[in-house]
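A.B. asks: Please find one structure pasted underneath; my questions will follow.
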Protein chains: 2
Amino acid sequence: MVRRSATGRIGIADVAVKAGVSHATVSRVMNGNFTVDPEIAARVRAAAAELKYQPNPVGRSLALGKTDTIGIVVPDLANPTFQAILRGLSRAAAQDGYRVLIADSFEVSSEEAILAGEARRRCDGLVLCAPRMSDAELEEIVPSLHPLVLINRTTTAAGVPSLVVDYGQGVQDLAGHLVELGHTRLAFLAGPPRSASNGLRLEGLEAFKAANPQVEVLMLEGGSDFDTGHDAVDAVLDSGATGILAFNDLVAMGLMSGLHERGLDVPGDISVTGFDDIPFARYTTPTLTTAAVPITELGQQAWHQLRALIRKEENDAPGSRYQPRLEIRASSGPAKAPRTATHG
Amino acid sequence: MVRRSATGRIGIADVAVKAGVSHATVSRVMNGNFTVDPEIAARVRAAAAELKYQPNPVGRSLALGKTDTIGIVVPDLANPTFQAILRGLSRAAAQDGYRVLIADSFEVSSEEAILAGEARRRCDGLVLCAPRMSDAELEEIVPSLHPLVLINRTTTAAGVPSLVVDYGQGVQDLAGHLVELGHTRLAFLAGPPRSASNGLRLEGLEAFKAANPQVEVLMLEGGSDFDTGHDAVDAVLDSGATGILAFNDLVAMGLMSGLHERGLDVPGDISVTGFDDIPFARYTTPTLTTAAVPITELGQQAWHQLRALIRKEENDAPGSRYQPRLEIRASSGPAKAPRTATHG
DNA sequence: CTGTTGCGAGAAAGCGTTTTCTCGGTTCGT
DNA sequence: ACGAACCGAGAAAACGCTTTCTCGCAACAG
């Protein structure tokens, strides 16, 4: 007959009774403390096995002051980029026996801070992807979130590693690629207005314009998903640009789809580039020229940095900067004669 | 000057001291218990605010016997299907103030049971996607996992809702569609051998063969990802089939990509269908004919079922069956003259 | 004016662990 | 042979919270 504690689950007390020892001894045995008589240890183990005893992680967490869990805040679980970060993070953390708790902020920046705080309190550390949060708010909450790793954001606070992708450089590489193909009129289909990574891309484009005064770079309003790209067809055609730098691969795919519906050829009529190199980018038609970001690896790195923080290890490289790699595929090609600004 | 408890974080004791009351009273105030003098309550709230006190969730969980967290076990976080389930689950659960803990079993079935148990103990409930686990093992662990919701698996145990997609019907619909287009020689590019949902598809195909004896349905070994589809080109061509039912959209996309490389036209030479209707299915070239599963909604439903279990509510509909909807796009077309079994 | 009720808040018990403290019983050294 | 060092295991404290128990005090009825 199986004894049951108040909660109905088997607890350390049950196995203590069954083995005829104190619950302290059971705890010692379960934790591999060798200061216990082998014979008693065996009896305890037998009792534990028979009762299928499994320590309650909540009680354990309270006593140990750690949860073996980390949190991650993402703005949109539907976005392949964050899915990849989550995957890399989860797998790396799992290797070290940590689990991950997810918090999806649905792109609403006001939620990000609250979710971050809540998640942090339940966990031993936090990975924060908060592209919409203002710098001021970020600085304000960062101290209360330690141990913390930031993705694509930086802070002045000490001891907070930042993993940032050099979107500025990536977009310049893409623009440079289009110019080499003979394009002289480019358009940037921007991301969400307050997005941090969009800001980095804009800075990159400013640098590019300064270095290449002969090419025109137009700014078009956009967003971060398929539909944004699809809906931008008119604006793109109106711009008269022959090379389009989409905010990311999703937008690029939506745009290509829209252009295709209008009977336009990519890259024959218009070249399109994306950003991120999500897995599907190589399967679009035409395959998508983009800037590849080792994003799963970034998630993995996030764990390594966070682990160092949790273990209070010396961390020689607090944070790192990832250089996107130009991935030239079939969606970009030679410019045809300059287009005039008309609808197809 | 801020007081600090032993752990270094602000605790209920600190605000109790600051407000000049017992910690029991602080707890009452924080939990909206109205049996406390409004003036004292205000004092407590002021103290809490000043100290930026936030209750420690671990202590709270221990006292309340609940964590406000649910777990989900998925076989592969890189698979869009599970990403979608996770998304639907997470968003629905968040609406009710629950967070979700993820456990990725990496497709290794021996891990599934262990991860499930661990995750369950840390959470108030569990959603289990364990397509590779044997029926026997599933039955064995299910009782210890309650409250539990199963995805695409069923159990004889009572009180365990199952959310299953009718893959058998879906694959029959797809096969029927191809036959209507004049195809008489079909091939099924199967999923992982021990996959439960693959089994359902096979059953569906058996039923289909019985009902349509004039149609040949060949079985080809496969898997569940892009590469599987891509690598299956030879086998597909050897089969001489003109209509290919791929295990899922990923496999279908890989296959189409491979066929394209061989200079074959889809659907001109061969028709290809997928399964799931992942978001990218409508952006492939040609767009992919598939069986649409409302997968995000399934994740949401999983939460609703789990919530009912956690709240011990009456649940009139324990589990449900989802009928895939045929999504006819451009990757399927009229059969051309029967092909002979040769390489392209 | 006294006994009863009611109310508000502190004391204390629990939640399930880990870990320090303590102490009885050996063993060893002298 | 007696005290010191040691060792193993139980008792108890701690982790941070919620909740029951309890008690003092005030109000009210008789």
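The values are calculated or read from the model by the stated rules, or taken from the named source; none is laboratory data. Being a predicted model, the structure only gives us computed values, none of them experimental. FYI the Cβ positions are ideal-geometry reconstructions off the backbone, even for glycines, and counts take in every protein chain you see.
A.B. asks: Any residue in region B:55-72 that's under 16 Å from A:Arg120 (Cβ atoms): show its pairings with residues that are among the aliphatic types (A, V, I, L, M) and more than 10 Å from DNA strand D (Cβ to nearest atom) at Cβ separation under 8 Å, as long as the two are six or more apart or on different chains.
C.D. replies: Matching pairs, first to second residue: B:Thr69/A:Leu101; B:Thr69/B:Val100; B:Thr69/B:Leu101.
A.B. asks: Would you be able to say whether some residue in region A:38-48 is crowded, with 20+ Cβ neighbours inside 10 Å, under 30 Å from A:Leu89 (Cβ atoms) and touching a helix residue (DSSP H, G or I) at 6+ places or on another chain (Cβ under 6 Å)?
C.D. replies: no
Condition check ((1) within 26 Å of A:Asp249 (Cα to Cα); (2) surrounded by fewer than 24 Cβ atoms within 10 Å (Cβ to Cβ); (3) touching a helix residue (DSSP H, G or I) at 6+ places or on another chain (Cβ under 8 Å)) across all residues:
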| position | (1), (2), (3) |
| --- | --- |
| B:His230 | yes, yes, yes |
| B:Asp249 | yes, no, yes |
| B:Leu259 | yes, yes, yes |
| B:Ser271 | no, no, yes |
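A.B. asks: Right, another one. Check whether at least one residue in region B:52-64 is under 23 Å from A:Asp68 (Cβ atoms) and in contact with a strand residue (DSSP E or B) (Cβ under 6 Å, 6 or more places away or on another chain), and report yes or no.
C.D. replies: No: region B:52-64 contains no residue that is under 23 Å from A:Asp68 (Cβ atoms) and in contact with a strand residue (DSSP E or B) (Cβ under 6 Å, 6 or more places away or on another chain).
A.B. asks: Could I ask something else about it? So if I check each of A:Leu326, A:Leu309, A:Leu250, which one is touching an Asp or Glu at 6+ places or on another chain (Cβ under 6 Å) and in a helix (DSSP H, G or I)?
C.D. replies: Among A:Leu326, A:Leu309, A:Leu250, only A:Leu250 is touching an Asp or Glu at 6+ places or on another chain (Cβ under 6 Å) and in a helix (DSSP H, G or I).
A.B. asks: Within region A:119-133, can you find the residues that are more than 8 Å from every other protein chain (Cβ to nearest Cβ) and more than 17 Å from the chain's Cα centre (by Cα)?
C.D. replies: Hits for region A:119-133 are A:Cys123, A:Asp124.
A.B. asks: Residue check: is B:Arg201 of a type in the set (Lys, Arg) and out of contact with any Phe, Trp or Tyr (no Cβ under 6 Å at 6 or more places or on another chain)?
C.D. replies: Spelling it out, it is not the case that B:Arg201 is of a type in the set (Lys, Arg) and out of contact with any Phe, Trp or Tyr (no Cβ under 6 Å at 6 or more places or on another chain).
A.B. asks: For B:Gln54, state whether it is surrounded by 13 or more Cβ atoms within 10 Å (Cβ to Cβ), facing another protein chain (nearest Cβ under 9 Å) and assigned to a loop (DSSP other than H, G, I, E, B).
C.D. replies: Against the criterion (surrounded by 13 or more Cβ atoms within 10 Å (Cβ to Cβ), facing another protein chain (nearest Cβ under 9 Å) and assigned to a loop (DSSP other than H, G, I, E, B)), B:Gln54 qualifies.
A.B. asks: Go through region A:66-82 and count every residue that is at pLDDT below 95 and among the small types (Gly, Ala, Ser).
C.D. replies: The total comes to 1.
A.B. asks: Based on this model, can you work out whether A:Gly11 counts as in contact (Cβ under 8 Å) with a residue 40 or more places away in the chain, within 13 Å of DNA strand D (Cβ to nearest atom) and over 30 Å from A:Pro147 (Cβ atoms)?
C.D. replies: When the stated conditions are applied, A:Gly11 passes them.
A.B. asks: Can you name the number of the only condition in (1) within 13 Å of chain B (Cβ to nearest Cβ); (2) assigned to a loop (DSSP other than H, G, I, E, B); (3) within 16 Å of DNA strand C (Cβ to nearest atom) that A:Gly32 fails?
C.D. replies: Against the list (1) within 13 Å of chain B (Cβ to nearest Cβ); (2) assigned to a loop (DSSP other than H, G, I, E, B); (3) within 16 Å of DNA strand C (Cβ to nearest atom), A:Gly32 comes up short only on (1).
A.B. asks: While we're on this one: Considering (1) within 13 Å of DNA strand C (Cβ to nearest atom); (2) in contact with a Ser or Thr (Cβ under 7 Å, 6 or more places away or on another chain); (3) in a helix (DSSP H, G or I), say which one A:Thr67 fails and leave the rest.
C.D. replies: (3)
A.B. asks: Being buried (at least 16 other Cβ atoms within 10 Å of the Cβ), away from DNA strand C (no atom under 16 Å from the Cβ) and either within 25 Å of B:Arg91 (Cα to Cα) or not polar (S, T, N, Q) (or both) is the requirement here; does A:Asp76 meet it?
C.D. replies: yes
A.B. asks: Any residue at all in region A:38-48 that's assigned to a loop (DSSP other than H, G, I, E, B) and of a type outside the set (D, E, K, R)?
C.D. replies: no
A.B. asks: Just checking, how many residues over region B:73-115 are within 19 Å of B:Asp225 (Cβ to Cβ), in contact with a helix residue (DSSP H, G or I) (Cβ under 9 Å, 6 or more places away or on another chain), among the acidic types (Asp, Glu) and away from chain A (no Cβ under 11 Å)?
C.D. replies: The qualifying residues number 1.
A.B. asks: Among the numbered criteria (1) farther than 27 Å from B:Glu111 by Cβ; (2) more than 11 Å from DNA strand C (Cβ to nearest atom); (3) not in a loop (DSSP other than H, G, I, E, B), which one does A:Ala24 miss?
C.D. replies: (2)
A.B. asks: If you don't mind, another one. Quick one: in region B:7-21, of everything that is within 9 Å of DNA strand C (Cβ to nearest atom) and small (Gly, Ala, Ser), which residue is nearest to the other protein chains (Cβ to nearest Cβ)?
C.D. replies: B:Ala16
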